[in-house]
1. By residue number, which cysteines of the chain lack any other Cys whose Cβ falls under 4.7 Å from their Cβ?
2. Could you run the Karplus curve 6.51 cos²θ - 1.76 cosθ + 1.60 with θ = phi - 60° over segment 211-227 and give me ³J(HN,Hα) per residue in whole Hz, x for Gly and Pro?
3. Residues of segment 167-181 with amide nitrogen under 20 Å from the 7 Å Cα-to-Cβ point of Asn277?
4. What accessible surface, in Å², does a 1.4 Å probe find on Thr263, ignoring ligands, DNA and RNA and rounding to the nearest 10?
5. I'd like the distance between the alpha-carbon centres of segment 207-234 and segment 7-33, rounded to an integer number of Å.
6. Among all stretches of the chain without exposed chymotrypsin sites (Phe, Trp or Tyr not before Pro) (DSSP loop, at most 15 other Cβ atoms within 10 Å), which one is longest?
7. According to a simple spin-label model (label point 7 Å from Cα along Cα-to-Cβ), what is the distance in nm between Asn196 and Glu219?
8. Ignoring everything but the protein chains, give the 1.4 Å probe accessible area of Cys87 in square angstrom, nearest 10.
Amino acid sequence: MAKKILGYVELIWTCDSCGTKNPGAIKSCTACGAPQPIGVRFEQVDADSFNFIKDEALIRMAQQGPDKHCPYCGTRNLADALTCVQCNGDLTVGAKSRPSGMVVGQDAQPTEVEIDTPGSLPGFERTATPMSRGLLLLIILAVLGLCFFFMWNTFKANRTTDVNGVVLSTAWERSMAIEAYTTVTESDWLSNIPSNASAYGCSSRLKYNSSTYVPGSVESCGEPYTVDTGTGIGQVVQDCVYQVYEDYCRYETQAWVVVDTVTTSGTDAYASWPDLNLMQNQRLGGRSERYTIYFDVNGRSYNMRTSNFELYQSAVPGSSWTLAVTEGGDIRRAEPNP
Ligand SMILES: [Zn+2]
Ligand SMILES: [Zn+2]
């Protein structure tokens with residue numbers, strides 16, 4: 001989702017000592033002079049309207065990154081300051097940057113929001129909820145148990161026993177598709193339609209949502225909200241997506257399509273392909289062959305389907321075979337006995 005910056009607003013902070021609300025950029029209380037506490041949360045002046053800052057210098061300050069607190073006296077200094085304005089202490093080592101990136105006005109756990117400013121801003125550390133060891137162990141055991149259960153079932157279903165069978169009868173079926181080169185109606189995005197085809201019946205449809213701006217797209221944005229930049233100035237942003245529309249049309253084109261499937265069948269060992277008379281604009285399509293061998297195993301009948309013609313041809317009625325059968329009655333392997 002694209003973050004669209006609407007502008008910057010001044011935030012306020014409340015003095016711990018006297019309760020006075022001070023402008024965000026002011027670093028010590030305007031009423032009692034107390035320094036701004038390190039962990040103070042900035043608030044929005046008015047939650048419903050944005051009084052955008054016009055002062056370029058203030059905006060640049062907000063874009064520079066969060067303020068940092070002096071490691072010696074705690075005074076708040078600008079992000080690019082090298083020495084403390086209060087005690088002249090060195091700020092290049094040990095200065096603590098103010099938290100930034102929280103959505104202003106949200107009291108719950110601060111949501112980390114990326115701020116679009118030159119240079120990266122340090123965010124909050126995310127702490128993972130520790131899961132109790134016992135529960136974790138229980139989950140692992142349950143997953144392992146399930147895995148074993150499925151593996152055992154698969155193993156059981158695929159376990160075969162060798163039995164002796166006698167071929168009772170056989171059957172074959174062979175089919176061929178006939179294709180014709182004809183006019184067909186297709187649908188596609190206008191940009192995908194071949195240039196020699198003419199599009200008709202077009203309607204504009206949502207093709208995809210882009211997180212970055214695309215020329216000609218429809219912008220769809222959520223409610224604006226304010227993000228704390230750590231400087232006392234809030235960045236007002238909107239999450240936007242860009243809906244890309246394109247015409248979706250029908251067009252006519254020439255293509256090979258299956259117009260008929262011809263099937264022949266029999267029960268002998270000499271299967272043949274259907275005899276076809278093709279017309280001028282026709283051609284042969286896909287072909288398929290299917291053979292069934294019926295076995296008798298100690299009075300119980302089994303059948304096996306295969307596309308292996310050679311195997312089928314050796315299934316002479318009355319011949320003896322070794323079959324690998326599953327509990328469910330599927331023949332997994334069949335070989336004629338020598
Ligand atoms: Zn005060
Ligand atoms: Zn200092």
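The values are calculated or read from the model by the stated rules, or taken from the named source; none is laboratory data. No experiment lies behind these values; they were computed from the predicted model shown. Here Cβ is always computed from backbone atoms with ideal geometry, including for glycine, and neighbour counts include all displayed protein chains. Accessible surface is based on the protein model in full, side chains and every heavy atom, while ligands, DNA and RNA are left aside. Shrake-Rupley method; radii C 1.70, N 1.55, O 1.52, S 1.80 Å.
1. Isolated Cys, the chain: Cys147.
2. Per-residue couplings from phi come out as 8, 10, 5, 10, x, x, 7, 9, 7, 10, 10, x, 4, x, 9, 9, 10 Hz.
3. 176-181
4. Counting only protein heavy atoms, the figure is 70 Å².
5. Each part reduced to its Cα centre gives a spacing of 29 Å.
6. My reading of the result: 125-212 is the longest stretch.
7. 4.4 nm
8. It works out to around 60 Å².
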